[in-house]
Amino acid sequence: NPGSQVPHASGPTHGRERVSESAQGIQAVWPERKPFIGMVHLLPLPGSPRWGRSMDQVVDRAVAEALHVAEGGMDGVLVENYLDAPFYGSVAPPETVAAMARVVAAVRAAVDVPVGVNVLRNDARGALGVAAATGAAFIRVNVHTGIMWTDQGSIQGAAADTLRARVALAADIAILADVLVKHATPPAGLTLEDAATDSWTRGLADGLIVSGSGTGTPTDLDQVRRVRAAVPDAPVLVGSGVGIGTVRDVMAVADGAIVGTELTREGRAGSGVDPARVLRLVEAAGPAQKA
């Protein structure tokens, strides 16, 4: 059962071995389930071009949407500054990190499921800081190892800094790392298998995410299978394009899923979570969600 695999230090992985035990693995966060994680796309935050000048409005909407996700039966909430575009590359400004900390703290107080943080585009250090300050359980990192070409220019992974910062913060925060992240182009010659192996065995990520080419784009499940074959010890989650018609197939192959667009009003990313769509998707997932 792929959902029952636990990261461990031994065993071959694409010709190499993982040499460090993970104390923050996703099985520590969701010990009995394949996590079904719902996105909360925040309203624009202070300093971003579309900032609406009311943090109370940002917090109130985020809390309401997180409650829709949790009360609808999903297993986790991932908070992301989706409407802050255009994004900075690897370091978001202090006002963004501070605003996200305020929001995540409010979401954490409102829901009884694990909460995660993604500071776009790739501020892993900022996300760790928010998680440590608020008690969030996990972060998503778009480029954890290697390099990707994006609309922010080249983004380079900083796994060494991220892992050392987590140790310095003494925080049990799981790191979910994208493999060849969406809205990006890999360097010539980099294979999906090698990117996954590097993130898991050398970057020491706690879980890997495979997505389609863009927000809401279906994920090729053959790519999920390729990543599973390359790093059989790694939990592999699907990160985009999960819908009512595909969710059972996705959850049968992957160790979990992160869902955003399908939960939103009229299926438009950033438009706000529709509680009826959450309920329909959870019902469609059925028993396939159980590990």
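The values are calculated or read from the model by the stated rules, or taken from the named source; none is laboratory data. The shown structure was predicted, so the numbers you read here are calculated from the model rather than taken from an experiment. Note that we place each Cβ from the backbone using ideal geometry, even for glycine, and neighbour counts take in every protein chain shown. Surface accessibility is based on the protein's heavy atoms, side chains included, excluding ligands, DNA and RNA. Shrake-Rupley method; radii C 1.70, N 1.55, O 1.52, S 1.80 Å.
Can you compute the FRET efficiency between Ala64 and Ser154 using 1/(1 + (r/R0)^6), with r the Cβ-Cβ distance and R0 = 41 Å? Round to the nearest 0.05. It would help to have the intermediate numbers written out before the result.
Values: r = 37 Å, r/R0 = 0.91.
With R0 = 41 Å, the Cβ-Cβ based efficiency is 0.65.
To check you understand DSSP bridge types, tell me what percent of the beta bridges within the chain (both residues inside) are antiparallel, rounded to 5.
Once the DSSP bridges in the chain are tallied, antiparallel ones form about 30 percent.
Among DSSP beta bridges lying fully in the stretch 94-179, give the percent that are antiparallel, nearest 5. Before the final figure, lay out the partial values.
On the way: 4 of 10 bridges.
Of the beta bridges lying entirely in the stretch 94-179, close to 40 percent run antiparallel.
Please report how far the C-alpha centroid of the stretch 107-145 lies from that of the stretch 252-291, rounded to the nearest whole angstrom.
The stretch 107-145 and the stretch 252-291 have Cα centres separated by 20 Å.
Stretch Arg50-Arg248 to full length: gain in nm at 0.36 nm per residue minus the Cα-Cα span? Before the final figure, lay out the partial values.
Values: separation 198, 0.36 × 198 = 71.28 nm, distance 3.68 nm.
My answer for the length gained is 67.6 nm.
Sorted by packing (mean other beta-carbon atoms within 10 Å per residue), highest first, where do 171-181, 68-78 land? Could you put the intermediate results ahead of the total?
Working: 171-181: 24.5, 68-78: 22.4.
Peptide ranking by packing, descending: 171-181, 68-78.
Cβ neighbours within 10 Å, averaged per peptide: list 226-232, 163-169 in order, most packed at the top.
Numbers: 226-232: 19.6, 163-169: 14.4.
Answer by packing, highest mean first, reads 226-232, 163-169.
How much accessible area per residue does the chain have, counting only protein heavy atoms and a probe of 1.4 Å, in square angstrom?
Numbers: 11600 Å² over 291 residues.
Normalised by residue count, the accessible surface of the chain is 40 Å².
Could you sort the peptides 279-286, 201-208, 136-143 by per-residue average Cβ neighbour count (10 Å cutoff), highest mean leading? Let's see the in-between values first.
Working: 279-286: 16.9, 201-208: 24.0, 136-143: 26.9.
Averaged packing, sorted descending, gives the order 136-143, 201-208, 279-286.
For the chain, what does -39500 (n - 2.57) per DSSP helix run (n ≥ 4), summed and divided by total residues, give at 222 nm, in deg cm²/dmol to the nearest 500? Each step should come with its number before you reach the end.
Working: 9 runs with 94 residues, N = 291.
Estimated from H runs of four or more residues: -9500 deg cm²/dmol.
Considering only DSSP beta bridges where both residues belong to the stretch 140-204, give the percentage that are antiparallel (nearest 5). Each step should come with its number before you reach the end.
Values: 6 of 8 bridges.
Counting only bridges with both partners in the stretch 140-204, antiparallel ones make up about 75 percent.
Which percent of the accessible heavy-atom area of the chain goes to carbon and sulfur, probe 1.4 angstrom?
Numbers: 6040 of 11600 Å².
That fraction is 52 percent.
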